[in-house]
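Novice: What follows is a single structure, and I will ask about it in a moment.
The values are calculated or read from the model by the stated rules, or taken from the named source; none is laboratory data. Not measured: the values here are computed from a predicted model. Positions of Cβ are backbone-derived with ideal geometry, glycine not excepted, and every protein chain shown enters the neighbour counts. The accessibility values were calculated without ligands, DNA or RNA, using every heavy atom of the protein model including side chains. Shrake-Rupley method; radii C 1.70, N 1.55, O 1.52, S 1.80 Å.
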Amino acid sequence: MLFIYLLLVITGWVNIYAAVYNDQHASIFDLSQAYGKQALWIVTALGLALMVMLTDVKFFPAFAYIIYGSTILLLIAVLVLGKEISGSKSWFQIGSFALQPAEFAKFATTLAIARYLSTLDFDKQRPKSKIIPLILIGVPALLILLQNDTGSAIVYTSLVLVLYRQGLSGVILLIGVATAMLSIVTLMFDRYWVIGILAVIIAAMMLFIRRNRKNIMTLIGIFIIAAAFTFALDYAFENILEPHQKTRINVLLGKEIDLKGAGYNVNQSKIAIGSGGLVGKGFLKGTQTKFNFVPEQSTDFIFCTVGEEWGFLGALFVISLYIYLCVRIILLAERQRSDFSRIYGYGVASILFFHFFVNIGMTIGLMPVVGIPLPFYSYGGSSLWAFTILVFIFIKQDANRLQLV
């Protein structure tokens with residue numbers, strides 16, 4: 001796993017170099033350029049990794065709640081003292097250095113959930129045992145939402161998947177999938193048509209169930225809740241979302257074509273990736289990348305540089321690395337003797353997979369543009385440091401798995 005981590009970090013650095021290459025500053029170590037600064041972030045990230053590996057393995061479960069509480073305080077403080085960058089008030093600016101607490105809250109929340117779910121008094125049958133993890137996830141997500149950083153807030157929903165490993169009912173997952181599908185249909189079609197189709201589906205279901213009082217009332221209840229949700233979502237879309245947010249959603253759903261506005265980034269990204277062909281245009285030869293057609297090409301849209309300069313094979317290689325890393329973490333999590341280590345491992349895999357899936361999905365137009373980085377690849381010190389700590393805490397737990405129960 002260490003080799004995969006280093007491979008992602010190094011290839012990510014090379015692609016940042018390609019994305020923002022300046023022939024007046026050709027050295028990849030030039031600290032006046034983004035790629036030079038990324039080299040500095042990599043060195044310091046490796047220092048953090050070493051610190052984690054030298055820390056007593058029992059430190060993380062013992063101080064999980066303190067670490068979580070500290071990051072919550074940072075998330076509150078940044079709302080008051082933080083600097084607004086790109087519309088999000090989520091950064092502490094210290095000289096030329098900017099730190100984003102939301103990135104560090106991810107591993108802190110994962111630690112807190114692992115600590116709670118691994119305690120002896122955790123009983124999955126009790127409502128309290130289901131509510132507390134949701135509160136642990138919901139509090140940082142809400143604070144980050146208040147910073148107007150919707151993408152980072154959404155990442156926390158991935159931690160709900162950890163609860164299924166601990167026995168949360170699949171019915172809740174089914175409700176979540178049904179809600180997501182209903183949301184998409186409501187945003188695409190007229191709400192009255194959606195409610196009419198729901199009524200037909202409910203009527204059809206009544207033909208195939210035992211028509212006793214309980215089943216009939218259950219279906220009627222589902223219909224009323226679904227209809228109310230449809231109206232609420234439609235109202236929220238029309239009256240709460242900002243115009244640019246509505247345009248982004250409409251572009252994603254194919255209801256609008258706005259190649260010079262909300263759809264510009266994704267359109268340019270798809271052109272860049274598509275133009276790479278099978279083997280790519282070659283290192284530093286990407287025209288879409290070189291002439292800055294793709295905004296945020298070294299951060300959120302770094303994958304388009306991979307697609308353009310290294311082609312389908314290069315993109316497939318990067319995707320394979322992420323899939324292998326996630327699968328490897330899950331396999332290692334399953335062999336842990338400690339509940340804390342196993343649950344933490346699932347949390348790490350959930351966060352990494354969510355970031356990888358959504359980031360690459362948005363560069364090829366399959367997911368909304370929510371502004372989250374590609375782990376270890378995107379430019380930035382906060383995300384690289386936070387992902388490094390996230391992964392190396394698990395490596396430390398795995399290296400000492402025989403000492404932990």
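Novice: Working only within the stretch 339-366, note down all residues that are touching a residue at least 24 places away in the same chain (Cβ under 8 Å), under 30 Å from H244 (Cβ atoms) and open to solvent by 30 Å² or more (accessible area, probe 1.4 Å).
Specialist: Passing the criteria: F353, F354, I364.
Novice: Is one or more of the residues making up the stretch 41-64 under 28 Å from T150 (Cα atoms), surrounded by fewer than 14 Cβ atoms within 10 Å (Cβ to Cβ) and not hydroxyl-bearing (S, T, Y)?
Specialist: no
Novice: Would you pick out the residues in the stretch 282-298 that are charged (D, E, K, R) and either closer than 11 Å to V20 by Cα or in contact with a Gly (Cβ under 8 Å, 6 or more places away or on another chain) (or both)?
Specialist: K290, E296
Novice: Continuing with the same structure: Among the numbered conditions (1) surrounded by fewer than 20 Cβ atoms within 10 Å (Cβ to Cβ); (2) more than 26 Å from S382 (Cβ to Cβ); (3) touching a Phe, Trp or Tyr at 6+ places or on another chain (Cβ under 7 Å), tell me where G280 comes up short.
Specialist: (1)
Novice: Within the stretch 74-106, take every residue that is over 30 Å from Q33 (Cβ atoms) and more than 22 Å from the chain's Cα centre (by Cα) and give me the one that is modelled with the highest pLDDT.
Specialist: A77
Novice: Suppose we keep only residues that are surrounded by fewer than 18 Cβ atoms within 10 Å (Cβ to Cβ) and in contact with a helix residue (DSSP H, G or I) (Cβ under 9 Å, 6 or more places away or on another chain) within the stretch 77-98. Which one would you say is nearest to T150 (Cα to Cα)?
Specialist: The qualifying residue nearest to T150 (Cα to Cα) is K89.
Novice: Condition first: farther than 15 Å from M362 by Cβ, at pLDDT below 85 and open to solvent by less than 60 Å² (accessible area, probe 1.4 Å). Now tell me which residues in the stretch 255-277 satisfy that.
Specialist: D258, G261
Novice: Counting only residues that are in a loop (DSSP other than H, G, I, E, B) and touching a Lys or Arg at 6+ places or on another chain (Cβ under 7 Å), how many does the stretch 27-54 have?
Specialist: Residues flagged as in a loop (DSSP other than H, G, I, E, B) and touching a Lys or Arg at 6+ places or on another chain (Cβ under 7 Å) within the stretch 27-54 amount to 1.
Novice: Which members of the stretch 247-304 meet the condition of being among the small types (G, A, S) and either over 24 Å from L384 (Cβ atoms) or in a loop (DSSP other than H, G, I, E, B) (or both)?
Specialist: G254, G261, A262, G263, G274, S275, G276, G277, G280, G282, G286, S298
Novice: Assess whether P373 counts as being in a loop (DSSP other than H, G, I, E, B), open to solvent by 10 Å² or more (accessible area, probe 1.4 Å) and under 23 Å from P101 (Cβ atoms).
Specialist: It is true that P373 is in a loop (DSSP other than H, G, I, E, B), open to solvent by 10 Å² or more (accessible area, probe 1.4 Å) and under 23 Å from P101 (Cβ atoms).
Novice: Just to be sure before I move on: is L8 open to solvent by 30 Å² or more (accessible area, probe 1.4 Å) and of a type in the set (A, V, I, L, M) in the structure I sent?
Specialist: So L8 fails the test.
Novice: Within the stretch 27-62, can you find the residues that are within 14 Å of F107 (Cβ to Cβ) and free of Cβ contacts under 8 Å to residues at least 40 places away in the same chain?
Specialist: Within the stretch 27-62, M51, F59 qualify.
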